[in-house]
Amino acid sequence: MANLTLMAFGSSAPEIILSVLEAVQGLGEEAGELGPSSIVGSGAFNLLVISAVSVSAIDDFKHIDDLGVFVTTGVFSIFAYVWMYICLSVTSEGEVTITEACLTFGFFFILLGLAFCADKYNQHKKAKVSDENAEKENMRKLNKSRLRSIVKQKGLSSVLSAAQGR
């Protein structure tokens, strides 16, 4: 959750400040290119260049432990670009309406909610597997102790010590 909120806002702060400054300075005038260009450029750079450098910097393959959150953020990343195209080219050409802005803000909280649910589901799955493994281990230990007691009752302790020596 911190990666989707605090780190995202922190790393995008320069673009957000530039967009706000440009919007405040040009109130009542036609929107400039600086804000949208910096945000799209930064997003594309983060998605393409930083991902490529990160992948090429490692020697061995890495395993993604939680595919649910990874897929959720990946789908929302693609959706964000599609949504921006819809807002700026299809519904209201060249401008963002208040409704589109509110929907965009709402989509962020939907992303957070779905990522949180995916993370909790993954934790639940891991806990279930861990519980099953612990139960199997306990059954194995119980069976082993039962076999030892049977061997002791039957007087086969020499067989038991020979088996343990192997």
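Annotation: extensible slack from residue 128 through residue 49 equals 24.6 nm (criterion: 0.36 nm per residue apart, minus Cα-Cα distance). Total lysine pairs in the chain at Cα distances under 13 Å, for residues eight or more apart or on different chains: 4.
Each residue of the stretch 13-22 was assigned a 3J(HN,Hα) from its phi angle through the Karplus curve 6.51 cos²θ - 1.76 cosθ + 1.60 (θ = phi - 60°); the sequence is 4, x, 5, 5, 5, 4, 5, 5, 4, 5 Hz, with glycine and proline shown as x.
Multiplying the residue separation of residue 3 and residue 121 by 0.36 nm and subtracting their alpha-carbon distance yields 40.7 nm.
For Cα Rg over 2.2 N^0.38 Å, the value calculated from this model appears in (1) 1.06; (2) 1.86; (3) 1.14 under label (2).
None of the figures in this text is laboratory data; all of them are computed from the coordinates on show. Just so it is clear, the structure is predicted and the values come from calculations on it, not from any experiment.
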